[in-house]
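What follows is one structure encoded as structure tokens, with my remarks underneath.
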Amino acid sequence: MIKDAMQQAGVAYSDLSCVGLNGGPGSYTGLRIGLSTAKGICYAAGVPLVMVDSLLSYANGLVASQNVNVDELIVSTVDNRRDELFYAVFDSRLNRLQDVTLTVATDETLTQRLGGKCVVVGSAAGKLSKVYSESESLRYVDVAPSASHLLKPVVQMVNEKKFADLAYSEPFYYKEVYIAPKKP
């Protein structure tokens with residue numbers, strides 16, 4: 001699929017200046033497969049790896065597709081598929097105001113955060129909308145994940161020479177990986 005996509009785009013591996021990817025949080029399996037594939041391409045092409053967290057990617061997708069008021073905070077979310085969710089907070093210029101936090105929808109700190117003027121985006125927005133009703137100061141925007149939302153952060157990280165260690169980089173799990181013991 002990668003070969004076909006590159007052929008359709010008219011791009012050769014020698015044309016690459018880096019490989020950027022969503023480093024997580026997200027599906028453990030999806031993150032591992034994506035990072036393994038990206039590392040393989042980087043090694044083969046001799047280019048650096050850039051990893052962007054999915055919360056910044058969602059926030060960037062929102063800013064690229066919607067009007068975000070200067071006084072609105074962006075609460076970017078990723079559903080953890082249990083009762084938990086990851087979130088980070090950005091201002092309208094994508095400056096990170098709060099690092100990635102793993103919590104539940106009814107967390108007191110999150111409740112206080114959503115009490116101000118903000119827009120919620122990401123895969124856990126639906127989960128939060130069931131707890132916190134949309135209002136004049138709180139709105140939810142559906143932005144589908146897209147590789148194009150990685151472009152601006154990747155370019156910025158390349159300009160700042162913030163490359164991932166190709167040999168030792170791991171996905172941004174933000175939570176211990178739990179592997180169930182094999183059943184006898």
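The values are calculated or read from the model by the stated rules, or taken from the named source; none is laboratory data. Here the structure is a predicted model, which means the values were calculated and not measured. All Cβ positions, even for glycine, are placed from backbone atoms using ideal geometry, and neighbour counts span all protein chains on display.
Here are the numbers for the structure shown:
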item: The range 109-126: number of residues that are farther than 20 Å from Arg81 by Cα and touching a residue at least 40 places away in the same chain (Cβ under 8 Å); result: 5
item: Pairs, first within 8 Å of Gly61 (Cα to Cα) in the range 146-158, second β-branched (Val, Ile, Thr), C-beta under 8 Å, six or more apart; result: His149/Val143
item: Odd one out for Tyr28, checked against (1) under 14 Å from the mean Cα position of the chain (by Cα); (2) hydroxyl-bearing (Ser, Thr, Tyr); (3) under 22 Å from Gln156 (Cα atoms); result: (3)
item: Flag if Ala59 is modelled with pLDDT of 95 or more and of a type in the set (Gly, Ala, Ser); result: yes
item: Total residues in the range 18-53, condition modelled with pLDDT of 95 or more and of a type in the set (Ser, Thr, Tyr); result: 3
item: Residue that is under 13 Å from Val121 (Cβ atoms), within 16 Å of the chain's Cα centre (by Cα) and surrounded by 24 or more Cβ atoms within 10 Å (Cβ to Cβ), where the choices are Ala64, Ala59; result: Ala59
item: Those residues of the range 101-156 which are of a type in the set (Val, Ile, Thr) and more than 19 Å from Pro25 (Cβ to Cβ), in sequence order; result: Thr106, Thr111, Val119, Val131, Val141, Val155
item: Qualifying residue in the range 65-80 (condition: in contact with a Ser or Thr (Cβ under 6 Å, 6 or more places away or on another chain) and in contact (Cβ under 8 Å) with a residue 60 or more places away in the chain); result: no
item: Scan of the range 45-67 for residues that are within 12 Å of Val89 (Cα to Cα) and out of contact with any helix residue (DSSP H, G or I) (no Cβ under 9 Å at 6 or more places or on another chain), ordered by number; result: Leu55
item: Single residue of the range 165-184 satisfying the filter (over 28 Å from Ser65 (Cα atoms) and touching a strand residue (DSSP E or B) at 6+ places or on another chain (Cβ under 9 Å)) that is surrounded by the most Cβ atoms within 10 Å (Cβ to Cβ); result: Ser169
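Okay, residues lined up against (1) out of contact with any Pro (no Cβ under 7 Å at 6 or more places or on another chain); (2) within 30 Å of Leu97 (Cβ to Cβ); (3) part of a strand (DSSP E or B):
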position	(1), (2), (3)
Ser17	yes, no, no
Gly30	yes, yes, no
Cys42	no, no, no
Leu62	yes, yes, no
